[in-house]
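A.B. asks: For reference, the structure I am asking about is given below.
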Amino acid sequence: MIRRPPRSTLFPYTTLFRSEIYDDVLLFDEWIMPVCTPDFASRYNLVKHPKSLAGVPLFHLVEMSTDPSALDWEGWCKKHGLDQSGTTEGLRFSQLQSGLQAAKAGLGLALCGLVESYKSLRDGSLVMPFAPEYNRRTKYEYHLVRVRGRRMTKVHRQFRDWIVAAAAEFRVAASALLAGREAVSPRPDAPPT
């Protein structure tokens, strides 16, 4: 785990996905949730409060996040009191984007992060088939990190102000989405893209 901000000679900012950061500004939290296409949810009769995922094609990420709160399907089912039968079966992907693309193709249910699935959830190509309480906030967050002691130029301050404002708009839209309400449309230039 990185204990100090990375060094850069070109630009005094970086974004990191981890839990302990210094000289930082919180951009937004990360959440994990099951996602699939609307057609897949209908085809497999995925209800808001499931009892089991038996018989549902599940996608697994081979190497999970280093976030200690990240869950695989077995852990997710256990956390929500679901039958864990069949939760170790299914296709395995070495990269989250591959599993997300397979979910977008209607081939299965993926457990993934909000940041990765946000655009697809917003445009309706993916849905969160379960009730909002099945979404899990992770311990890790996204932060903008400033290298300590570096002089900030006007451009650096403008960038910081822009990304902080865009992240605030994203948090509002993401909160509505996670709560199952129609999300408030963020600015076109709001992260994540």
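The values are calculated or read from the model by the stated rules, or taken from the named source; none is laboratory data. Note that this is a predicted model, so its numbers are computed, not measured. In this analysis, Cβ positions are derived from the backbone assuming ideal geometry, glycine residues included, and neighbour counts consider all displayed protein chains. Surface areas here come from the heavy atoms of the whole protein model, side chains and all, with no ligands, DNA or RNA. Shrake-Rupley method; radii C 1.70, N 1.55, O 1.52, S 1.80 Å.
A.B. asks: Using Cα positions and a limit of under 30 Å, work out the lysines in reach of Lys104, with same-chain residues fewer than 8 apart set aside.
C.D. replies: Reachable lysines: Lys48, Lys51, Lys78, Lys79, Lys119, Lys139.
A.B. asks: Students sometimes get this wrong: rank Thr138, Thr66 by accessible area, probe 1.4 Å, all chains present, largest first.
C.D. replies: Thr66, Thr138
A.B. asks: Could you sort the peptides 146-159, 39-52 by per-residue average Cβ neighbour count (10 Å cutoff), highest mean leading?
C.D. replies: Ranked from most to least packed, the peptides come out as 39-52, 146-159.
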